[in-house]
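Reviewing the structure listed below.
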Amino acid sequence: MSLLELREVTGGYGPITVLHGLSIAVEEGEVGVVLGANGAGKTTTLRAICGMLGKVGGSVFFDDTDITKASTQSIAKAGIAHVPQGRGTFTDLTVEENLRIGAINRRDAGVAADIDQWYSVFPRLAERRKQMAGSMSGGEQQMLAIARALMSRPRLLLLDEPSLGLAPLITREVFEHLGAINRETGLAMLVVEQNATIALGIAHRGYVLETGSIVAAGDAQTLVADEGVRKAYLGF
Amino acid sequence: MILAFDFNLFFDQTMNGVASGVIFSSIALAIVLIYRTTGLLNFAQGEMALFSTFITYKLAVDVGLPIAVAVVASAVIGFVGGAVIERVLIRPVEGAHNPLNVVIVTLGLFLAINALAALIFIKPGQEALRMPELFPAGEVLGIQKETVGFAFVLVLECVLLFLLLQKTKLGLALRGVASNPESSKLVGINTGTMLMVGWGLAAAVGAVGGSLAAMQGSGFDTSLMQTVLVFGFAAAALGGFDSLIGAVVGGLIVGIANAWTVQYVDALEGIELVVPFALILLVLLIRPNGLFGRTIVERV
């Protein structure tokens, strides 16, 4: 069975239904990408996984456990880390505190070593460890958000539009880091993105989301190669 | 004509100001603790402290505990009470569309707790109660021992709060919830528990402040905390609502300004309250975030 599996998931906000029976799977060790325009339901999909939508129909399985009705906090503890849209920085905590809070539920002694490890991956964070996180640039905050999420040693990383508000060069850098992390650690990821080209570049599987439904799915290479899908949905 | 300046009188009045300032600081600390974790102003803070003060009195006088033990025990009971109030009375209305709902609940609590305290602790026709003194009478270096003791208690409270908030995982989680509730949930923090802890801490700090307030003057009744609450709010505003240090400094400034006004400004006799508030108005005009409030620096 897949690490993460969404089966016919429906949900939305109050009386408005955003997701109309969504089925997505992320395998162990793989990067899944959900592509879609503004308002397609990308953020809503991630919120449904994390128990942040009021009412979710269908079911969400993580590691063979039904987490459809679990609380956000217990889903995090189960091993799903989520970098929300806008990066979710703890703006008035320091950079180092942002990393420590990512590991708040860990009881092992390896937290300090992990912090040092992420400092070596992202040297900019090391330079600014005592600085308030809110004073950093968008790109630095995105790196911080990824490192914060990974501090929990998750089994699955969810990323909500990591490219949002970043310059193309920085976006490329962020995705290079994500690809490297996946290759080196085998960490599974589910990325929702508008930027199809760059996201499919690190993905194993891709899904195209349109107004709350999956309209195309397949492994990343096939999706990029399919001219019909490319023209209609990916815009290149 | 030059009036001879009586330095001793000035010094005594300043120290009186410090003694009451310590109490304002305690209540301001409690207000800031809740404001920082929940973004709410708890109008019932003073009356919660009043209720705890009666508990201190009962433990010391009726149960016969040493007064220091009674104050600590009352703070612990206050912690539990504050946490329960958050869970049972505040949480259910918090999710509502209008944040004013919670404010109304705290105003209701203000009246309810005051009435409840009168019902439970005051017998009809009873005189004001006398709280046993925590600190002996007399002076050290020309300062009332009580004032020195009060200041010591305040410093102790600040050190304990600092260690808790800055040096422990619980403190990091509390500050995380204050900074970004949604991200806190996403990293696996139980935000509800943190809100309860925030209210509990505030109630415990308030319990100490109320107990000290009752030791000042000749006796106390259910009106003990009403002006203290107003001064506490003033102190919190002066310091900047999100700063614990600001609450402490604000409380001391308000206390001293008030004592000086009472002594030196005869024209304001009976309306001495005006001066601390004029001061606050001035500070807020120049620094809208208060003396220690952070101007939020945030890049997107």
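The values are calculated or read from the model by the stated rules, or taken from the named source; none is laboratory data. Predicted model only: the values in this text are computed from it and were never measured. Cβ: placed from backbone, ideal geometry, glycine included. Neighbour counts: every protein chain shown.
Details
- Just one of the listed residues (B:94, B:146) is surrounded by 12 or more Cβ atoms within 10 Å (Cβ to Cβ), under 19 Å from residue B:205 (Cα atoms) and among the acidic types (Asp, Glu), and it is B:146.
- Residue B:163, sole failed condition from (1) at pLDDT below 90; (2) in a helix (DSSP H, G or I); (3) surrounded by fewer than 12 Cβ atoms within 10 Å (Cβ to Cβ): (1)
- Screening B:215, B:194, B:225 for residues that are surrounded by 15 or more Cβ atoms within 10 Å (Cβ to Cβ), within 14 Å of another protein chain (Cβ to nearest Cβ) and at pLDDT 85 or above leaves exactly one candidate, B:194.
- Taken over segment A:29-66, the criterion of being loosely packed, with under 15 Cβ neighbours inside 10 Å, under 29 Å from residue A:197 (Cα atoms) and polar (S, T, N, Q) is satisfied by A:38 alone.
- Here residue B:209 clears all of (1) within 30 Å of residue A:102 (Cα to Cα); (2) modelled with pLDDT of 90 or more except the condition numbered (1).
- Selection count, segment A:45-89, where residues are closer than 16 Å to residue B:181 by Cβ and small (Gly, Ala, Ser): 5
- Considering only residues in segment A:156-173 that are more than 11 Å from chain B (Cβ to nearest Cβ) and under 12 Å from the mean Cα position of the chain (by Cα), the one that is nearest to residue A:29 (Cα to Cα) turns out to be A:156.
- Within segment A:212-230, the residues that satisfy the criterion of being more than 20 Å from the chain's Cα centre (by Cα) and among the β-branched types (Val, Ile, Thr) are A:215, A:222, A:224, A:229.
- Leading residue by the ranking (surrounded by the most Cβ atoms within 10 Å (Cβ to Cβ)) among those in segment B:229-278 that are among the acidic types (Asp, Glu) and part of a loop (DSSP other than H, G, I, E, B): B:242
- Residues of segment A:148-177 satisfying the condition of being out of contact with any Pro (no Cβ under 7 Å at 6 or more places or on another chain), crowded, with 18+ Cβ neighbours inside 10 Å, charged (D, E, K, R) and farther than 23 Å from residue A:110 by Cβ: A:161
- Scanning segment A:195-210 for residues that are polar (S, T, N, Q), over 27 Å from residue A:146 (Cβ atoms) and surrounded by fewer than 16 Cβ atoms within 10 Å (Cβ to Cβ) turns up nothing.
- The set of residues in segment A:1-43 that are part of a strand (DSSP E or B), in contact with a Leu (Cβ under 8 Å, 6 or more places away or on another chain) and acidic (Asp, Glu) contains only A:8.
- In the set (1) within 25 Å of residue A:232 (Cα to Cα); (2) over 13 Å from the mean Cα position of the chain (by Cα); (3) within 14 Å of chain B (Cβ to nearest Cβ); (4) not β-branched (Val, Ile, Thr), residue A:151 fails one condition alone, (1).
- Residue B:47 meets all of the listed conditions (1) of a type outside the set (A, V, I, L, M); (2) assigned to a helix (DSSP H, G or I); (3) surrounded by fewer than 22 Cβ atoms within 10 Å (Cβ to Cβ) but one, namely (3).
- Residues in segment A:68-88 that are under 17 Å from the mean Cα position of the chain (by Cα), among the β-branched types (Val, Ile, Thr) and either surrounded by fewer than 22 Cβ atoms within 10 Å (Cβ to Cβ) or at the interface with another protein chain (Cβ under 7 Å from one of its Cβ atoms) (or both): 1 in all.
- Taking each residue of segment A:92-112 that is over 25 Å from residue A:138 (Cβ atoms) and looking for partners that are buried (at least 21 other Cβ atoms within 10 Å of the Cβ) and modelled with pLDDT of 90 or more with beta-carbon atoms closer than 6 Å, six or more apart or interchain, yields A:105/B:188; A:111/A:103.
- When segment A:101-148 is filtered for residues that are in a helix (DSSP H, G or I) and within 8 Å of chain B (Cβ to nearest Cβ), the ones remaining, listed by number, are A:101, A:102, A:134, A:135, A:138, A:141, A:148.
- Filtered by the rule that a residue be touching a Phe, Trp or Tyr at 6+ places or on another chain (Cβ under 8 Å) and among the charged types (D, E, K, R), segment A:113-139 gives a lone residue, A:129.
- The numbered conditions (1) in contact with a helix residue (DSSP H, G or I) (Cβ under 9 Å, 6 or more places away or on another chain); (2) part of a strand (DSSP E or B) are all true for residue A:61 except (1).
- Flag if residue B:171 is small (Gly, Ala, Ser), closer than 30 Å to residue B:7 by Cα and surrounded by fewer than 19 Cβ atoms within 10 Å (Cβ to Cβ): no
- Helices (runs of 4 or more DSSP H) (entirely within segment B:51-126) containing at least 3 residues that are out of contact with any Pro (no Cβ under 6 Å at 6 or more places or on another chain) and among the β-branched types (Val, Ile, Thr): B:67-85, B:100-121
- Answer residue from segment B:176-191, given it is touching a residue at least 12 places away in the same chain (Cβ under 8 Å) and part of a helix (DSSP H, G or I) and is farthest from the other protein chains (Cβ to nearest Cβ) among those: B:177
- Within segment A:68-100, being of a type in the set (S, T, N, Q) and outside any loop (DSSP other than H, G, I, E, B) holds for A:72, A:73, A:74, A:94, A:98.
- As for segment B:21-40, it holds at least one residue that is of a type in the set (Lys, Arg), in a helix (DSSP H, G or I) and closer than 19 Å to residue B:196 by Cα.
- Cross-chain or 6+ apart pairs with Cβ under 7 Å, segment B:109-131 first and more than 10 Å from residue B:221 (Cα to Cα), then hydrophobic (A, V, I, L, M, F, W, C) and assigned to a loop (DSSP other than H, G, I, E, B): B:109/B:44; B:110/B:43; B:110/B:44; B:113/B:44
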